[in-house]
Amino acid sequence: MIFYELKINYTRQTGEDNPNGVNETYFVEGLTIADVEERLLSEIQRYISGDWDTKSCKQVQVYDYIANPEAEKWYKARVELITIDNDKETRKAVNVYAQANNITEANKAIHQAMGNDDFEVTSITCSKKLVDIIRAVK
């Protein structure tokens, strides 16, 4: 999976007379920056009133993500994958994102998703600015 982190600024139509300026962060799957910007715009266009601007766009490493449409927050977990070859332990650190209502739910979702893999969750933090992860194909 190749994901880009897009930080955007736009005016959100709230149904009131005064629309609000909004700064949000999205992870969007795609091959090029133009592709992910277009995909993001098509997803959020109904909320935009007026101009929007991409503040930054950079490639991010996402090993896996666990979506839960009933949850409001995204949590970033640093997970070490453990392999043993010829009695030598090797650890590879990866980022896993889990959508959950709290840190306990996020940890549980990660353990369920990783299943029988040998791994250790070394940290979990709330990713406060991440609004959503948008896949190339749904």
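The values are calculated or read from the model by the stated rules, or taken from the named source; none is laboratory data. Predicted model only: the values in this text are computed from it and were never measured. Here Cβ is always computed from backbone atoms with ideal geometry, including for glycine, and neighbour counts include all displayed protein chains. When the accessible area is computed, the model is the full protein with side chains, heavy atoms only, and any ligands, DNA or RNA have been set aside. Shrake-Rupley method; radii C 1.70, N 1.55, O 1.52, S 1.80 Å.
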Go through 79, 18, 59 and say which Cα lies farthest out towards the positive end of the charge dipole of the chain; charges sit on Cβ, +1 for Lys and Arg, -1 for Asp and Glu.
-> 18
Lys, Arg +1 and Asp, Glu -1 on Cβ, resulting dipole of the chain about Cα centre, debye, nearest 20 = 200
Accessible area per residue, 1.4 Å probe, Å², for the stretch 22-127: what's the number?
-> 63
At a 1.4 Å probe radius, carbon and sulfur cover how many percent of the accessible area of the chain?
-> 42
Hey, what angle do you get for helix 103-114 against the long axis of the chain, alpha-carbon based, 0 to 90 degrees rounded to 10?
-> 60
Dipole magnitude of the stretch 35-116 about its Cα centre, charges +1 at Lys/Arg Cβ and -1 at Asp/Glu Cβ only, in debye to the nearest 20?
-> 260
Cα principal axis extents for the stretch 45-138, largest first, Å | 60, 27, 25
Computed magnitude of the charge dipole of the stretch 2-54 (debye, nearest 20; Cβ of K, R +1, Cβ of D, E -1) = 80
Rounded to the nearest 10 Å², the accessible area of residue 22 using a 1.4 Å probe with every protein chain kept is 20
Between 0 and 90°, nearest 10: helix 33-44 axis offset from the chain longest Cα axis = 70
